[in-house]
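Single-structure report; data block below.
The values are calculated or read from the model by the stated rules, or taken from the named source; none is laboratory data. Because the structure is a prediction, the values reported are computed rather than measured. No Cβ is skipped: glycine too gets one built from the backbone with ideal geometry, and neighbour counts run over all protein chains shown.
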Amino acid sequence: MYKTQLEAKEFLEGLMSQLTKTPKEHEKEREIVLCTPFTALDFMSKSLHGSRIKLGAQNVHWEDEGAYTGEISGSMLKEVGASYVIVGHSERRQYFGETDETVNLRLQAAQKHGLTPILCVGETKEQRYSGETESHIFSQLAVDLVDVDQENLVIAYEPIWAIGTGDTCEATEANRVIGLIRGKLTNSNVTIQYGGSVKPTNVDEIMAQPEIDGALVGGASLKPDSFARLINYQN
């Protein structure tokens, strides 16, 4: 929940000026998606038209319309130019009662409307210390992915204990868990990202891991300089 339209405009101006630093040979392989608040979607869609940046939303409801005050439908997101939508983010699960069953419904709704969902899974600190990381994530996937098309899907592994805490999961450990996630999928080519205190000082190491295809970025995406550095990570 960051950025008014004016703030989004200033952010975008600062970011676009730095994307020229991306080597030409890496532009196509480094897809950039900005998942903005609903109030900024229409403005950002018009501002991003013709650029290499794609637009995403932060949530989607499973119904096309109805008495669901405060929710937003897939058709509404498509109309304003969104291509992606985050589903099941840990904050939605923790603060707003999201369950694996509702996550599954949202995933199916996103795909129904031609959106690519970014499914978030991950464990708490207590679950990790109890040795439940793998079993918890596998149980999430077992419910989340029922009747979901894995040809139109992104998954983000976000260890909850590493989000906004400054504690980053070791790159090799994130790589290990993501490899286990991949092994549970019917489509091994699904893009799987890491999310959790990704920042300019660790992005190169994270992106050097063979199983990690990208990053789902929180705090470091709020400033043009730091986000541009992540986009232009060093091989």
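Structural remarks
- The set of residues in the stretch 159-200 that are within 17 Å of GLY214 (Cβ to Cβ), assigned to a helix (DSSP H, G or I) and in contact (Cβ under 8 Å) with a residue 60 or more places away in the chain contains only ILE181.
- Residues that are surrounded by 20 or more Cβ atoms within 10 Å (Cβ to Cβ) and of a type outside the set (Gly, Ala, Ser) were ranked within the stretch 182-211; the one that is nearest to ASP147 (Cα to Cα) is ILE192.
- Within the stretch 201-215, being in contact (Cβ under 8 Å) with a residue 40 or more places away in the chain and within 17 Å of SER226 (Cα to Cα) holds for one residue alone: GLY214.
- Total residues in the stretch 43-66, condition part of a loop (DSSP other than H, G, I, E, B) and closer than 19 Å to GLU98 by Cβ: 7
- Filter result for the condition that a residue is over 18 Å from CYS35 (Cβ atoms), surrounded by 21 or more Cβ atoms within 10 Å (Cβ to Cβ) and either modelled with pLDDT of 95 or more or touching an Asp or Glu at 6+ places or on another chain (Cβ under 7 Å) (or both), over VAL154, VAL177, VAL143: VAL177
- Taking the listed residues GLU25, GLU29, GLU71, the one that is among the charged types (D, E, K, R) and under 27 Å from GLU101 (Cβ atoms) is GLU71, with no other qualifying.
- Here the stretch 35-71 is the region considered, the condition is being hydroxyl-bearing (Ser, Thr, Tyr) and over 20 Å from GLU10 (Cβ atoms), and the residue that is surrounded by the most Cβ atoms within 10 Å (Cβ to Cβ) is TYR68.
- All positions within the stretch 1-12 that are without any contact (Cβ under 8 Å) to a residue 60 or more places away in the chain and either closer than 16 Å to ARG229 by Cβ or of a type in the set (D, E, K, R) (or both): GLU7, LYS9, GLU10
- Enumeration of residues in the stretch 215-235 that are under 17 Å from ASN175 (Cβ atoms) and either among the aromatic types (Phe, Trp, Tyr) or in a helix (DSSP H, G or I) (or both): TYR233
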